[in-house]
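The values are calculated or read from the model by the stated rules, or taken from the named source; none is laboratory data. Quick caveat, the model's predicted, so the values are computed rather than measured. As a convention, Cβ positions derive from the backbone with ideal geometry for all residues, glycine included, and neighbour counts pool all protein chains shown. Ligands, DNA and RNA are stripped out before the accessible areas are found, and what is left, the full protein with its side chains, is counted by its heavy atoms. Shrake-Rupley method; radii C 1.70, N 1.55, O 1.52, S 1.80 Å.
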Amino acid sequence: MYNNIESKFSNYAVPIMQQSIHIHYWLDLICEAGLGEEIPQNWDEFWQFWQKAQKVLTQQSNNNIYSLGLPMSIYGSDTYFIFEQILEANNLQILDKQGKLQVNKPAVREKIIEILDWYTNLYKNGYVPPNAVDWLNYDNNTNFLNHNTLMTINPSMSIPASQQEDEEIYLNQMRTIQFPNNPNGREPRYLVSVKQPVIFTSSPNPELAK
């Protein structure tokens, strides 16, 4: 971590686990829509693929499914994690090397607004469940597992892990894939969330914490 007083990086915490972002989708529903098993890897084609799938499935009388299980809520950390991954895909760094926000820079601010418009338009255009604005972290999981969404993005493997005892779902119906290529065509780099305990100098019982 960066020490703002000493103006240098040093070790202040012990990492105990890490997790990264994954895309989960229902293969059986994709096949039902007649779209085949191959998911496009180009950025625009990737997102258009799911929108097309929703339209096809809706025409087949599956009116209760939405193509994208994207959280839109301020209440869940998944929303921030996924949105920051999309910022990364667009090569936008909102922090400098010292960890200071750059959102007040006109070029950065303009790009954030552009990406935010893109993200929220998926909701406004009816490809995300209406209640996604109220989701907590588990709600995109629940909506996906209840077949309310065709795909969802999650910063862990908790969704497939919850289905391991059902081999039909785990092995045949569900798939997990990586992010599509970035809009500039390059392969994605992934945000990693590191879970780590920190003992503050002012902690009342630092030795007990250790």
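Accessible area ranking (1.4 Å probe, heavy atoms, ligands and nucleic acids excluded), largest first, for 186, 109: 186, 109.
Rounded to the nearest 20, the size of the Cβ-charge dipole of the chain about its Cα centre is 880 debye, with Lys and Arg at +1 and Asp and Glu at -1. Multiplying the residue separation of residue 170 and residue 3 by 0.36 nm and removing their Cα-Cα distance gives an extension gain of 55.7 nm. Estimated from the Cβ-Cβ distance and a Förster radius of 25 angstrom, the FRET efficiency linking residue 105 and residue 195 is about 0.20. The candidates 162, 20, 61, arranged from most to least accessible area with a 1.4 Å probe in the full protein assembly, appear as 61, 162, 20.
Label zone (residue 60, point 7 Å along Cα-to-C-beta; backbone nitrogen cut-off 18 Å) within the stretch 3-38: 25-38. With Cα Rg over 2.2 N^0.38 Å as the read-out, I listed (1) 1.03; (2) 1.17; (3) 0.94; which label goes with the value calculated from this structure? Label of the calculated value: (2).
For the stretch 1-128, the carbon plus sulfur part of the accessible surface works out to 49%, probe radius 1.4 Å.
Each residue was assigned an accessible area with a 1.4 Å probe, and for residue 203 the value is about 30 Å². Mean residue ellipticity at 222 nm, helices only, the chain: -10000 deg cm²/dmol; runs of at least 4 DSSP H residues each add -39,500 (n - 2.57), and the sum is divided by the number of residues. Per-residue surface analysis assigns residue 101 an accessible area of about 120 Å², computed on protein heavy atoms at 1.4 Å probe radius. Projecting the Cα atoms of 68, 31, 201 onto the dipole axis of the chain, where Lys and Arg carry +1 and Asp and Glu carry -1 at the beta carbon, places 201 farthest toward the positive end.
Of all the options 118, 26, 135, the one that moves most in a Gaussian network model of the chain with Cα springs shorter than 10 angstrom is 118.
A probe of 1.4 angstrom, applied to the heavy atoms of all protein chains, finds residue 12 with accessible area near 100 square angstrom. Accessible area per residue for the stretch 68-205, computed on protein heavy atoms with a 1.4 Å probe, is 59 Å². Of the two radii for the stretch 68-117, the radius of gyration is 0.98 times the Kirkwood radius, both from the alpha carbons; that is the Rg over Rh value.
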